Amino acid sequence: MKENLNIFGVRHLSPGASYHLIDYLKSKKPKCILIEGPSDANEFVEHIADRNVVPPIAMLVYTTEFPVETALYPFAAYSPEYQAICWGKKNRCDVRFIDLPSNILLKLREYENKTASDEAKDFYEYHNGLYSRIANHYNEDDYESYWERYFEHNLNRDTFREGLKLQSKEVREMLVDREYEAAPYDYSYNKLREAHMRREIEKALAGGFGIDDIVVVVGAYHVSGITGDEPALSDRELKTVPKTSTKIALMPYSYLRLSSRTGYGAGNRAPCYFESMWNAMQENRLEQLPAIYLSQIAQEQRRAGYNASPASVIEAVRLAESLASMRSGSLPVLRDLHDAAVTCFGGGDLSVVAIALNRVDTGTAIGSLPESLGQTPVQENMYQELRRLKLADYKSPVAKALELDLRENHKVKSVEAAFIDLNRSTFLHRLRVLNINFARELPVSQDSATWKELWELRWTPEVEIEIVETNLKGETIELAAAHQLKERLNQCVAVSEAALIIREACECSLTKLFENAINILQGLIVDSEDFKETVRAAHELSVLIQYGDIRRFNLEPLKPILSQLFLRASLLLVSASGCDNKAAKEIGECISLMELVSQEMYDYVDVKLWQNELGQLAVRDDLNTILSGMAYSIMLDHNSVSDDDCAKEVSRRLSPGLPADLGAGWFEGLSSRNRYALLSRISLWKGLDAYINSLDDEEFYRALVFLRRAFGQFEPAQKNSVAELLGELWGIGAEKIAEMLQLELSEEETKKLDELNDFDFEF
């Protein structure tokens with residue numbers, strides 16, 4: 001029986017294998033096609049062959065218990081398995097998968113992950129080294145180039161099948177001793193798979209099909225294992241194999257994902273290129289593939305603004321063909337085409353054509369499935385929610401804006417209608433937590449921030465993929481969002497992250513998780529000594545408390561926690577400000593957040609303590625001067641500094657004997673906030689003018705790094721006001737300064753600016 005078995009060994013995702021397999025099927029005219037794939041997925045065969053399915057797609061198998069294990073079986077249009085399924089269903093064959101069922105496959109995958117060893121790694125290095133040795137023997141740079149030149153380009157009947165069968169058998173024989181010694185799991189796993197596939201073949205024979213009625217399609221590595229002398233897996237043996245609980249779903253896939261992770265182990269680094277190869281094979285014009293490919297590269301280059309003429313394409317094709325002939329090839333392989341493109345379109349510089357190569361190699365194709373086919377529970381829930389919340393019309397590739405009013409609508413009769421926007425908001429926030437990129441939240445004006453939300457909604461096939469992958473976290477969007485936040489909460493060690501999770505739990509209306517997150521946050525606060533983390537946590541809670549009861553959530557427990565966070569952050573301010581200028585940027589941002597919280601949450605936080613700590617920072621000389629200047633600016637905002645005191649502090653901070661970077665740094669911090677208020681303090685500008693005039697050239701250059709950064713944040717009108725104010729101080733007059741600002745720079749002034757631009761500020 002085994003000697004007469006019609007078995008075709010393939011390389012997964014190989015257009016050449018598909019081409020020869022279809023020819024083989026036409027010649028054998030089978031009634032039954034048995035394909036490598038999980039044998040409990042046979043119900044999906046009809047779905048895969050559905051004429052409304054657009055590859056690439058994938059079959060996802062996953063466990064329903066933790067730890068979650070997954071396996072992907074992707075299908076491109078040129079996958080041998082996909083072509084066999086479509087040909088078989090079109091010709092009314094019985095098409096089945098014959099590999100281990102998913103509940104065994106994933107249980108063994110879990111075992112493999114637990115028992116991985118250094119010896120096994122050594123074995124896989126040896127395994128991969130065999131393929132490198134094959135490539136070297138044929139004077140190829142890598143195995144992919146060898147494979148394409150000697151197999152993909154080989155359209156001679158039978159030689160593909162027999163050649164691949166022989167090579168796989170020899171490689172397998174070279175691995176046997178190493179498998180026993182260093183990779184017992186991999187060896188026994190494949191033995192078990194092949195025994196199961198033999199079992200399924202015998203089942204088909206026992207079911208009434210003759211040996212000539214059956215064609216078996218498997219990875220070429222397994223051909224000699226299936227046709228060898230080993231027995232099929234018995235019922236008793238099958239019962240002893242460990243199993244787990246699994247589910248299977250179909251999902252759209254993309255060429256981008258196919259190029260980075262295949263699920264098979266046989267890589268497909270250039271799926272779009274191989275699709276072009278498959279199309280050329282079907283149209284009997286494989287010899288035109290180099291011209292097609294290089295023309296596409298030229299188009300991409302022209303779109304990017306590079307010169308890529310038809311003459312350059314002709315030159316590149318000739319170069320690629322010459323490179324192929326040097327390796328005794330009938331046609332250029334992808335490596336030859338890359339070299340030709342770099343030479344003819346990039347002038348020898350890979351970076352010039354790298355983007356074009358990536359786009360033409362990988363492509364942007366994304367598969368699609370009819371909504372009714374093979375849906376996972378979370379997909380069904382997603383579509384139910386879209387209908388319930390009247391968002392189905394937003395399932396469009398064109399981005400659409402959605403404005404939500406979270407307040408209760410008293411003009412409608414039903415509760416569902418009264419809170420539809422609030423429920424929409426909850427749903428969209430859950431999608432955001434799950435990284436399902438159907439909706440993107442946009443900023444709104446500050447006066448309506450607590451009751452109004454703006455979203456941009458856009459449906460893409462990638463969204464479909466993200467929804468299916470979410471099924472690993474829960475069977476509904478709500479459960480999956482709760483699982484995602486719970487996982488983050490379990491790993492949370494920072495108060496700001498815990499506060500963010502509290503906010504997201506509220507936005508997602510997950511009450512139980514909200515209460516758990518509060519307990520964890522309170523535990524983290526006790527040990528928090530990080531000013532930035534504490535401030536960010538306080539800000540998250542303050543934003544949440546501003547919602548009030550609009551989200552129908554009890555936020556009262558957060559108010560004492562906010563007070564505690566604000567108190568701790570206030571007390572950490574001064575010690576955190578003893579930092580360098582690089583760290584001062586983040587500290588400064590947090591000071592602004594604290595000031596915002598103090599203004600918006602003054603009923604719940606100790607504003608007086610905060611302002612006292614700011615006062616200490618403002619007058620201390622041993623702390624970061626940028627932050628001291630910023631603190632002093634806040635004091636000026638609160639009118640807690642008189643004009644006389646301001647003049648004294650400016651004189652002290654901008655005194656001639658002070659190092660340039662300290663004085664200018666203090667001014668940078670001072671000018672980082674209410675700049676219009678600063679314009680009214682004449683003493684400040686007098687002090688700055690005197691300070692700059694006191695600097696020598698080297699000190700002036702050192703001060704420039706801070707002064708340019710400070711004034712770079714001023715708006716054009718503010719800069720003009722500063723210039724006019726200084727003009728008054730210099731006795732020139734505001735009008736004259738205004739005229740001078742409109743003049744073009746002289747050659748000498750331009751030269752001076754160029755000198756400043758070339759000056760090395762890394763002191």
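Points to keep in mind about this one:
- Tilt relative to the chain, helix 625-637 - C-alpha long axis, 0 to 90 degrees, to 10: 60
- Derived scalar couplings between HN and Hα for region 40-47 equal 8, 9, 5, 5, 8, 4, 4, 5 Hz in order, rounded to whole Hz, by the Karplus curve 6.51 cos²θ - 1.76 cosθ + 1.60 (θ = phi - 60°), x for Gly and Pro.
- Tensor-based shape of region 6-253 (alpha-carbon gyration tensor, a/c under 1.5 rounded, otherwise prolate or oblate): rounded
- Taking amide H atoms as placed 1.01 Å from N in the peptide plane, the amide H of Asp94 lies under 5 Å from those of Cys32, Ile33, each 5 or more residues away in sequence or on another chain.
- With a simple spin-label model that places each label point 7 Å from the Cα along the Cα-to-Cβ direction, the separation between Glu170 and Met740 comes to 8.6 nm.
- Amide H contacts under 5 Å for Tyr78, placed H, 5+ residues apart: none
- Highest to lowest packing among 622-632, 556-566, 202-212, scored as the average C-beta count within 10 Å: 622-632, 556-566, 202-212
- Using C-alpha pairs under 8 Å with a sequence gap of at least 6, the mean separation divided by the residue count of region 38-159 gives a relative contact order of 23 percent.
- In terms of its alpha-carbon gyration tensor, region 492-623 comes out prolate; a/c meets the 1.5 threshold, and the first ratio a/b outweighs b/c.
- Scoring 154-160, 274-280 by mean Cβ neighbours within 10 Å over their residues and listing the highest first yields 274-280, 154-160.
- For the chain, the share of DSSP beta bridges that are antiparallel, to the nearest 5, is 65%.
- Computed from backbone phi, the HN-Hα couplings of region 415-422 come to 5, 4, 6, 5, 10, 5, 5, 5 Hz, rounded to whole numbers (Karplus: 6.51 cos²θ - 1.76 cosθ + 1.60, θ = phi - 60°; Gly and Pro given as x).
- Of the trypsin sites (Lys or Arg not before Pro) found in region 274-317, those in coil by DSSP whose Cβ has at most 12 other Cβ atoms within 10 Å are Arg285.
- Degrees between helix 80-90 axis and first principal axis of the chain (Cα, 0 to 90, nearest 10): 60
- DSSP beta bridges in region 1-140 [antiparallel fraction, %, rounded to 5]: 55
- Panel order for Asp754, Asp122, by other beta carbons found within 10 Å of each beta carbon, from fewest to most: Asp754, Asp122.
- Burial order of peptide ranges 80-87, 511-518, 582-589 (average beta-carbon count within 10 Å, highest first): 80-87, 511-518, 582-589
Where a number appears in this text, it was derived from the coordinates with a stated rule and is not lab data. Here the structure is a predicted model, which is why all the values come from computation and not from measurement. Counting neighbours? That spans all protein chains shown, and the Cβs are built from the backbone with ideal geometry, glycine included.
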